[in-house]
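First the structure, in the form of structure tokens, and then the observations on it.
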Amino acid sequence: MAARKTTKKPNVSAEELKTYYREMLLIRRFEEKAGQLYGMGLIGGFCHLYIGQEAVVVGLEAAAKEGDKRITSYRDHGHMLACGMEPGGVMAELTGRIGGLSKGKGGSMHMFSKEKHFYGGHGIVGAQVPLGAGLAFADKYKENGGVTFTYFGDGAANQGQVYETFNMAALWDLPVVFVIENNQYAMGTAQARSTSTKDIYHRGEAFGIPGEIVNGMDVLAVKEAGEKAVAHCRAGKGPYILEIKTYRYRGHSMSDPAKYRTREEVQKVREQSDPIEHVRELLLTGKHATEDDLKAIDKEIKEIVNQAAEFSKESPEPSVEELWTDIYA
Ligand SMILES: Cc1ncc(C[n+]2csc(CCOP(=O)(O)OP(=O)(O)O)c2C)c(N)n1
Ligand SMILES: [Mg+2]
């Protein structure tokens, strides 16, 4: 885990910093609430929380422009919130209600938004990677200047289809940023036990795809790397790989007691590299915000999340007729 190491004065405005703080906090509080609702039995099926990884999506969304696309795995709530999907619609999908973004028929892993160019939510490890290249192929074909962020994990990086995709994406110079969210675990398996090398991004070299390692606990470092990757893609130079070193604080899913690592390991990351604390410190030490300003933001976020939770409880369950909508038949 890369420890926090932003020593130079960040070249970023107070407003930008506050935006990142707010966006990361929204994801964190949303996920904490989802964990509570799961514990109350209100969320069925799988539920994979994103706590600890917030700087990854928030940093990359700051580098994206309108029309860019994103696709990811089942650990997807943060990606949806960061691209502007309604917290209430996401939460109501988790609780399986009609007000959910998939009308309560998809659940945590299966939500989409055409409007926000969010293409899921995929439960099969690595399956979103070729789909992401396909989205990029469409952008290139249409010559619309769009870039697709294709997120996958360190475990997924050992899937064969990832390398078939790398080959085609490089061959056709597709405008796709492959984002490896290296949270160091694939379910209960530590990266050192599943992966032959410490770093993964250099596997792209075999296909002529450049890439780099990014400190995923520093939203500004992620944004900077994202801007570089996006510029590469938009210039028609083909794909780019960002291996973003991050960490998930919770278990793989809500049903994981996480016995494969120590509490101390998690505590150390929380104390030394938490991405939200990092921005909080920058705001306070740079005198961009006071404790009271931050308290006001915390309150505002809490309110948004409480409203989302209320909506997810009040929205009715889908009627039986809904079984016959949104199907190919
Ligand atoms: C093809 C396939 N194999 C196995 C699984 C079971 N599975 C679900 S998540 C997961 C681990 C993936 O880890 P990683 O890619 O690092 O993503 P993370 O959960 O850490 O975000 C596995 C093996 C699956 N869903 N699909
Ligand atoms: Mg992982």
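If you take the square roots of the eigenvalues of the alpha-carbon gyration tensor of the chain and sort them as a ≥ b ≥ c, do you get rounded (a/c under 1.5), prolate (a/b over b/c) or oblate?
Numbers: a/c = 1.36, a/b = 1.06, b/c = 1.28.
Rounded, because the longest to shortest axis ratio a/c is under 1.5.
Which of rounded, prolate or oblate describes the stretch 84-206 when judged by the alpha-carbon gyration tensor and an a/c cut-off of 1.5? Numbers along the way, then the final one.
Details: a/c = 2.74, a/b = 1.27, b/c = 2.16.
Verdict is oblate for the stretch 84-206.
What is the local net charge at Lys105, summed over the other residues whose Cβ is closer than 13 Å to its Cβ (Lys, Arg +1; Asp, Glu -1)?
Values: positive: Arg97, Lys103; negative: Glu93, Glu317, Glu321, Glu322, Asp326.
Its environment carries a net charge of -3.
For the stretch 151-287, what does the alpha-carbon gyration tensor say about shape, rounded, prolate or oblate, given a ≥ b ≥ c as the root eigenvalues, a/c under 1.5 as rounded, and a/b over b/c as prolate?
Verdict is oblate for the stretch 151-287.
Near Ala170, within a Cβ-to-Cβ distance under 14 Å, what is the net charge of the other residues, with Lys and Arg +1 and Asp and Glu -1? Working shown, then result.
Details: positive: Lys140, Arg203, Lys237; negative: Glu164, Asp173, Glu205.
Local net charge: 0.
Sort 315-324, 66-75, 203-212, 52-61 by the packing proxy (mean of other Cβ within 10 Å over each peptide's residues), most packed first.
Numbers: 315-324: 11.5, 66-75: 21.3, 203-212: 17.0, 52-61: 27.7.
Ranking, from highest mean packing down: 52-61, 66-75, 203-212, 315-324.
Accessible area per residue for the chain in Å², computed with a 1.4 Å probe and the full protein assembly in place, what is it? Before the final figure, lay out each step's value.
Details: 15260 Å² over 329 residues.
Per-residue accessible area for the chain comes out at 46 Å².
With all protein chains present, how much of the accessible area of the chain (probe radius 1.4 Å) comes from carbon and sulfur, to the nearest whole percent? Please list the in-between numbers first.
Details: 8180 of 15260 Å².
Exposed carbon and sulfur together represent 54 percent of the surface.
The values are calculated or read from the model by the stated rules, or taken from the named source; none is laboratory data. Every value quoted in this text rests on a predicted model; they were computed, and no experiment measured them. Reconstructed Cβ throughout: ideal geometry from the backbone, glycine too, with neighbour counts over all protein chains shown. With ligands, DNA and RNA removed, areas are computed over all heavy atoms of the protein, side chains included. Shrake-Rupley method; radii C 1.70, N 1.55, O 1.52, S 1.80 Å.
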